[in-house]
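Structure, as structure tokens:
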There are 6 protein chains.
Amino acid sequence: MSRWFASRLDYRLVTRPSGVGMPPTSSHDDLEAFRHFREKMNTAIQAAGNLTINRFFALDARTYEPGVLDAKTKELMGLTASMVLRCDDCITYHLIRCREEGATNDELFEAFAVGLVVGGSIVIPHLRRAVAALEELPRI
Amino acid sequence: MSRWFASRLDYRLVTRPSGVGMPPTSSHDDLEAFRHFREKMNTAIQAAGNLTINRFFALDARTYEPGVLDAKTKELMGLTASMVLRCDDCITYHLIRCREEGATNDELFEAFAVGLVVGGSIVIPHLRRAVAALEELPRI
Amino acid sequence: MSRWFASRLDYRLVTRPSGVGMPPTSSHDDLEAFRHFREKMNTAIQAAGNLTINRFFALDARTYEPGVLDAKTKELMGLTASMVLRCDDCITYHLIRCREEGATNDELFEAFAVGLVVGGSIVIPHLRRAVAALEELPRI
Amino acid sequence: MSRWFASRLDYRLVTRPSGVGMPPTSSHDDLEAFRHFREKMNTAIQAAGNLTINRFFALDARTYEPGVLDAKTKELMGLTASMVLRCDDCITYHLIRCREEGATNDELFEAFAVGLVVGGSIVIPHLRRAVAALEELPRI
Amino acid sequence: MSRWFASRLDYRLVTRPSGVGMPPTSSHDDLEAFRHFREKMNTAIQAAGNLTINRFFALDARTYEPGVLDAKTKELMGLTASMVLRCDDCITYHLIRCREEGATNDELFEAFAVGLVVGGSIVIPHLRRAVAALEELPRI
Amino acid sequence: MSRWFASRLDYRLVTRPSGVGMPPTSSHDDLEAFRHFREKMNTAIQAAGNLTINRFFALDARTYEPGVLDAKTKELMGLTASMVLRCDDCITYHLIRCREEGATNDELFEAFAVGLVVGGSIVIPHLRRAVAALEELPRI
């Protein structure tokens, strides 16, 4: 991943839709506030020193590393799981990672279709926000 | 449904509670921003051309058309299902549709009661936002 | 409700599909065993004397009593909520109650359709068991 | 609980993270707006006069009263249940109550660990917001 | 897919773990009973003639057809989604389809790992039954 | 924990309610079959050699070890979380562990009450099976 791409994603991480039914945040100040919030929270969680939680975070990271399945396939599975469990933050995160791993829009919409049919119409509000986030990611 | 009623509902669609634990959005600018966001996303989803997704949207629409059960009963079922699954956007949508089909406040509170008892206290925050949205709908 | 109908329902309560992916239980001995299990458990729960639990059971019962919405509509809402939450026992219970309140097969399938579209394909195994249970209920 | 502590908590009730992925609200005006929203909604729900709903609210309150288990243990159970069901408002509420009952940060992180391992990585965004809320509570 | 393979799968469809916490069914009679139950239910659902339901079944089938993503990737996504939603029947179905599309045991365990970490320890009982079902599928 | 107690629990692990809506299994042969199934599956999962899964199992075990909260409190939290997520196997496991840690029936019913009120009436079928399992555990 190029540095340019990484910094773009870094930027996007804080511009994803930020509330139930809300449009994407666009104010630069809001983005900076969220970036600081996120960084501060990750640091605070680690600093609290709960060994179980810290190990879980490490385990979570290694789950998506390439194995006999490549990283793109694993991220697509993570994306679909996040859609049916209806977690906007998780969807945005896996969307970014799928794009980093080279997933095209058509591939992502096929993943969205699986999530929508398995999870039902209750997934639709999250699909709208996912597509809004997707539009902000670099095209490939 | 009168044109006046439809435009009222259209207006309300963007004034529903817009964040976890937040009061209803009231700024006209925010409402317009959300309206544009929603329209843009529906258009973007359709334009992406994924046949499965587009067919699901069509199927979703016809699910609530009157059959041997009338539209009001179907919307009340959709409302209750949305409450126990805890989806604010879905609750608001079905609340609007229930009111369009003539559901009174007392009828809606009986639907809320079913959703609350089936789904438990975890439903309460969504109930608060549902009642806030209800207060903005035209009384009947 | 006639006594004949009630006893039929009582019989059916123990013949509903009894396992994940399993066909309906048909052995009379199994039915009797389950009936005893269920009665014993309800008695045991009440006898334990936890006031919160006992009040919840009373509240649950009154939730479906007719109000401004009739009992059939409330039971249809309970059925749909049970489908999207994917609870076989709850589905069977509300199916029986819907039939007692006069819901026809066509009406029940329209409720199934709402549950299926809202909840997605994950609901299908429960739909199969619901239809199996429905076939055992008295036709109307 | 001292009056000072109660008023602090009352203040905090409206400063918890207020949107999906958003940093905690900090503007005093926002806090006041939310406080008014919450009070207004509780009043509106009670005033609607649905007996089932009003009894459920009463039952919910008594569930956490000390019995053979003390209030702190019950609130820790409520906190863990809220984490695995991923309800930010419920997490914040039980976090405040746990602190009122004397739960230390280390105890709360052990509760977070149970919620995280039982519920999986889908809980992480809620954990971040929980820790943000915790930082605003009075230390003990 | 060879006819031999298809008939093997057909056989397996009724030998998967059949109850919460139960070992796989092994009696030939039980398998036949379940096969008949399943076929009868699918036929009964279609015969009921609810257009929404019948269209949903058709849509469900086409969701996993190869597109820009191949069938194996789509089935792996379906498997992961089924694990985090904890539906044994759905897990078994997608496991069979993954194997038909050539997924090896190592690939399936990497999918299980994503499901387990996203969904948490609550997924473990379903993982046990998934691995039991996997052992009955033809090795590749 | 005494050896007698451990072997009793070991026995009970396979006598808990074994199907949706079914009474507890009582045949000795069924119990032995399940015990073998469970042991075989745990061994099979570990033997598959997926590092993420094996680490998750280790992390799961250490989550409930005593820390600043004692083991009984942690198991009560695990029990409540399992109830609201409606996992019979998980409920049974934590019920056994709670009893091992000295939880009385009255304490367990207070935990059940929290799970029931948070999770709603959808929890009731699982409560019935939990109470059935509890009756088979050694009294204290």
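The values are calculated or read from the model by the stated rules, or taken from the named source; none is laboratory data. Quick caveat: nothing in here was measured; it's all calculated off a predicted structure. Here Cβ is always computed from backbone atoms with ideal geometry, including for glycine, and neighbour counts include all displayed protein chains.
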Members of the stretch B:50-67 found to be more than 16 Å from the chain's Cα centre (by Cα) and within 10 Å of chain A (Cβ to nearest Cβ), listed by number: B:ASN50, B:LEU51, B:THR52, B:ILE53, B:ASN54, B:ARG55, B:PHE56, B:LEU59
Could you list, in sequence order, all residues of the stretch F:103-117 that are in contact (Cβ under 8 Å) with a residue 12 or more places away in the chain and more than 15 Å from D:THR73 (Cα to Cα)? F:ASN105, F:LEU116
Count of residues meeting criterion [at pLDDT below 95 and under 26 Å from E:ARG86 (Cα atoms)] in the stretch C:58-90: 3
From the list E:LEU127, E:LEU116, E:LEU108, pick out the single residue that is touching a Lys or Arg at 6+ places or on another chain (Cβ under 9 Å) and in a helix (DSSP H, G or I). E:LEU108
Do the conditions hold for B:GLU65, that is, is it surrounded by fewer than 22 Cβ atoms within 10 Å (Cβ to Cβ), outside any helix (DSSP H, G or I), at negative phi and in contact with a helix residue (DSSP H, G or I) (Cβ under 8 Å, 6 or more places away or on another chain)? yes
Restricted to the stretch B:68-78 and to residues being in a helix (DSSP H, G or I) and crowded, with 21+ Cβ neighbours inside 10 Å, the residue nearest to the other protein chains (Cβ to nearest Cβ) is B:MET77
Would you check if there is a residue in the stretch C:36-44 being closer than 22 Å to C:ARG97 by Cβ, more than 9 Å from every other protein chain (Cβ to nearest Cβ) and modelled with pLDDT of 95 or more? no
Output the residues belonging to the stretch D:81-139 that are within 14 Å of chain E (Cβ to nearest Cβ) and under 21 Å from B:GLY119 (Cα atoms). D:ALA81, D:MET83, D:VAL84, D:LEU85, D:ARG86, D:GLY115, D:VAL118, D:GLY119, D:ILE122, D:VAL123, D:HIS126
Pairs only if they're at least six apart or on different chains, beta carbon under 9 angstrom, first in the stretch F:38-63 and in contact (Cβ under 8 Å) with a residue 12 or more places away in the chain, second assigned to a loop (DSSP other than H, G, I, E, B); list them, first residue then second. F:ARG38/E:GLY21; F:ARG38/E:PRO23; F:ARG38/F:LEU13; F:ARG38/F:VAL14
Residues that are of a type in the set (A, V, I, L, M) and in a helix (DSSP H, G or I), drawn from the stretch D:83-105: D:MET83, D:VAL84, D:ILE91, D:LEU95, D:ILE96
Which listed residue is at the interface with another protein chain (Cβ under 8 Å from one of its Cβ atoms) and modelled with pLDDT under 55, from D:SER2, D:SER18: D:SER18
The residue from D:PHE37, D:PHE112 that alone is more than 13 Å from the chain's Cα centre (by Cα) and surrounded by 24 or more Cβ atoms within 10 Å (Cβ to Cβ) is D:PHE112
